[in-house]
1. Looking at residue 263 and the list (1) surrounded by 21 or more Cβ atoms within 10 Å (Cβ to Cβ); (2) over 11 Å from the mean Cα position of the chain (by Cα); (3) of a type outside the set (Asp, Glu); (4) on the phi > 0 side of the Ramachandran plot, which single condition is not satisfied?
2. Considering only residues that are more than 18 Å from residue 385 (Cβ to Cβ) and hydrophobic (A, V, I, L, M, F, W, C), which ones fall in the range 425-447?
3. Residues to consider are 98, 87; find the one that is acidic (Asp, Glu), over 16 Å from residue 198 (Cα atoms) and in contact with a helix residue (DSSP H, G or I) (Cβ under 9 Å, 6 or more places away or on another chain).
4. Give me a count of the residues in the range 266-277 that are among the aliphatic types (A, V, I, L, M) and either buried (at least 24 other Cβ atoms within 10 Å of the Cβ) or in contact with a Ser or Thr (Cβ under 7 Å, 6 or more places away or on another chain) (or both).
5. Within 23 Å of residue 300 (Cβ to Cβ) and among the polar types (S, T, N, Q): is that true of residue 409 in this structure?
6. In the range 36-53, what residues are open to solvent by less than 10 Å² (accessible area, probe 1.4 Å) and not in a loop (DSSP other than H, G, I, E, B)?
7. Residue check: is residue 363 modelled with pLDDT under 95, more than 15 Å from residue 480 (Cα to Cα) and open to solvent by 10 Å² or more (accessible area, probe 1.4 Å)?
Amino acid sequence: MSKPDLAVSMNPLGLRDPKFNGPQGDAIPFFHEGRYHLFYLESPANVYDQPERGRTPWKHVVSDNLVDWQDLGIALPLGEGDDPDIDGIWTGSIVAVDGVLHVFYTGGRRTASVPQTICHATSTDGGVVFKKSPSNPIHLPQAEWFERRDWRDPFVFWNEEHKQYWMLITSRANDGPPGRRGVISLSTSDDLTTWTTVQEPFYSPGITYSMECPEVFRLGDKWRLVFSRFTEHAATVYREADSLSGPWRTPKHPALDGAHWYAAKSLEDARGRRIAFGWVHDRRGFAEGGEWLWGGDMCLPREIFVGDDDRLCVRMPLEVDAQLTSRRELLIRHQASSPGGATTAAAEWKASAPGSFAVAEIESGPLQPSLTRLTVEADLHELAGGVGLALYANAGLTEGLLLFFDASTGVISLGGPARGQEDDRLPTPFVTNRVTGRRRGKLRFDLYLRGNVLEIFVDRRVALTYRQYFDRSFTAQPYVEDGVVTFRAMLATRGGKLERAQ
């Protein structure tokens, strides 16, 4: 396999064309010799159902700045004949030892008695060409301890305390309630070749069917164990411990986003930052209301950092925001509060609605399909109820999305509105998160929009990711429930300078 020509192929600032590029999923990020490497799974184009949708090789792109990405093509192709990876090259991890990159990945062979096995490949040219081990599969589950069907997503790292390589594996115990057998098992090695399974799982909480794509790292004063679950409340979540021996405890706010920022994994770069990559699902038929499918588009990279109360928070890396140099202050159109008052537009809207409701509209105009950031700042003078943004909404606010901050609880939700009928109930939100509740002070919403993908950051601390397929243009309407709030809005795109609202 020769080195391919470098070309811009996958850019997180844009989205794929599903007619020509299959859905992406399960990032395997790796920082090596000053460059960001992103490996990820990519399904065949125009395939919507398993098992064909799961026939993924590993794609490979690299970047110097988290913004511009070069395509290195397929790093690990599907196997052939009796190979253990003919049905999928699934999630894994990478370690660098003495100039050699070692990849440990999941080999998928659906008809085998053990359909998921751990395989190994190496590269001596910095990750351009990988050679699979002739000994694949190199590691199988021990049937007396673990089920034979789920044995995937190996995460390999050097344990300095034990002077060993440790491998965490998504597994299921072979006894216990069927919906609670999900464990993360542990295997150890001295040479990355021979692996020994430890009978006691690394983490066995007895709470879920499966814990996918695990990784562990130290950030702040604690070890953090990150994994994704697709049952119960689907999300990428984390646990924390003082040492790798545990116990792994659930933090106050365990989710890093909602159900549609999935299978996120991270790297540590030269600046000591923890940069994570997740993906957002496609919907069947690319239509609102369609079934959520495995795979979609990679989300924007985001930095995981330690916030107040030792909580893991997320924010946009500076490199992404630095590309958005064309900024425009937006007018907010509103009607005077007096009966029959005139409609006016200004760069600032002070909504005075104690004990009532007030709504306006941000004059954003048509948005380009490439990356755009809408920033809405809210000065809370006296907020008893809550404040939010109606997105893609109709005039009656019975369609679209509602982004809402509850002043008393700090809960932020993104969901559908009530339909305005007598028997109606407010739908369960699609995504929820939480920041500090407040009646006064400042609140900031940053909406990163790329086509139909919406990534919302609140106070540059928490995120809510969603994908919409509304057949209408983007609109944003700030609103207040029982409070006095001043709103300002700004739009940012690539290129240009700040323009002030007239």
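1. Only one criterion is unmet by residue 263, namely (2).
2. 430, 431, 447
3. Selected residue: 87, the only one of 98, 87 that is acidic (Asp, Glu), over 16 Å from residue 198 (Cα atoms) and in contact with a helix residue (DSSP H, G or I) (Cβ under 9 Å, 6 or more places away or on another chain).
4. 2
5. No.
6. 38, 39, 40, 41, 53
7. No.
So that you can scan it fast, the table gives a plain yes or no per residue for (1) open to solvent by less than 20 Å² (accessible area, probe 1.4 Å); (2) charged (D, E, K, R); (3) more than 19 Å from the chain's Cα centre (by Cα):
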| residue | (1), (2), (3) |
| --- | --- |
| 204 | no, no, yes |
| 227 | yes, no, no |
| 230 | no, no, no |
| 258 | yes, no, no |
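The values are calculated or read from the model by the stated rules, or taken from the named source; none is laboratory data. The model shown is predicted, which means the values in this text are computed figures rather than measured ones. Cβ coordinates were reconstructed from backbone atoms using ideal geometry, including for glycine residues, and neighbour counts include every protein chain displayed. The area values use the complete protein model at the heavy-atom level, side chains included, leaving out ligands, DNA and RNA. Shrake-Rupley method; radii C 1.70, N 1.55, O 1.52, S 1.80 Å.
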